Amino acid sequence: MNINSCGLVLCLISLFIGLILVAVSPLIRRLTRNYIFWVLIGTVMLILVIYGRFYDGWKDFSKYHNDNGLVTSRAFLLDLCPFLAISLPLSLIVDQKRVTSRILAPFAVFGSIITLFGEVIFNDTGDINAHWNLHWIVFGGNVNPMFFSMHALTLIVGLFVLGNSEPKFFIKTMANCAIFAVSYYSWVSLITFTMHVSCNTSGIREYDWTFGEWSGVASIFGNMSYPAVAIFGFIFSGIFILLIAVAFDFLPKIKYFSFEKPIKKLGN
């Protein structure tokens, strides 16, 4: 399997930016505790992904509403990463206490990493083939608009949210993740089976594990066939997401990241 050097560099840069934002978060706590700051981040990201990724897809669904594949999936946000690219910034706008965004963020980080490091790095065909072209980096290709930039934004904002979220009790963190997962997959299953959607269904259909975004997870389990690969893949994904959530719950126990430190006024 060949490694796309451009894709590797772009993915590492995205991860580095997200981790840098986590690292500097304690230094800008006065800013990150301001609701307007998160509204601005959410608004900018929401406008970018709607205009660059979803607007044309929603227009396509109005024309081809009998489609049972990619068009329907995009219209109803049946893929986890596109759903999070909309719901995460929206939650920053409507939820002043960022409770919802704290629940969504571990899923956003996991989904983005799996896609970026599972597909962008190892893909050298089609319009998700990473190359040093500013238009592709920002807007992507015709079939997969904003493929890289949407996932990179979701990863960076997800990490930034986690780095600025006060810790929750371990059991509550697990419960919140489970409630979201059950709720989202209930929605995906309902639309998938009632509208007979055949692909891009967040792992519900076999296609997702062979050619779709979940193929990166499937590769971990070798030649395991569907539905066994889906069962083990979801278990692996759930554990990984919980580890991300719990890790950031424990982060404030480190003195530097503590939320209990007094915030110095500017000029002091």
Listed peptides 206-219, 43-56, 100-113 by packing density, highest first (mean Cβ within 10 Å): 100-113, 206-219, 43-56
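Leaving out ligands, DNA and RNA, what percent of the accessible area of the stretch 175-268 is carbon and sulfur, probe 1.4 Å?
The nonpolar share, carbon plus sulfur, comes to 69 percent.
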For the stretch 131-267, with +1 on Lys and Arg beta carbons and -1 on Asp and Glu, the positive-most of Phe234, Ser183, Leu153 along the dipole: Leu153
Volume in Å³ per residue [convex hull over Cα atoms, computed for the stretch 1-55]: 103
Stretch gain in nm, segment Val94-Leu8, where the contour uses 0.36 nm per residue and the Cα spacing is subtracted: 27.5 nm
Sulfur and carbon atoms: percent of accessible area, the stretch 110-150 [1.4 Å]: 64
Mean accessible surface per residue for the chain, computed with a 1.4 Å probe while every protein chain stays in place, in Å²: 51
Per residue, the convex hull volume that the Cα atoms of the stretch 116-264 enclose (Å³): 158
Cα-based equivalent ellipsoid, the stretch 35-168: semi-axes from gyration tensor eigenvalues, Å: 25, 18, 13
Span per principal axis, largest first, for the Cα atoms of the chain (Å): 60, 41, 39
Accessible-area composition of the stretch 1-61, carbon plus sulfur, in percent [1.4 Å probe]: 74
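The values are calculated or read from the model by the stated rules, or taken from the named source; none is laboratory data. None of the values given here were measured: they were computed from a predicted structure. Here the Cβ is made from the backbone with ideal geometry for all residues, glycine too, and neighbour counts use every protein chain on show. Surface accessibility is based on the protein's heavy atoms, side chains included, excluding ligands, DNA and RNA. Shrake-Rupley method; radii C 1.70, N 1.55, O 1.52, S 1.80 Å.
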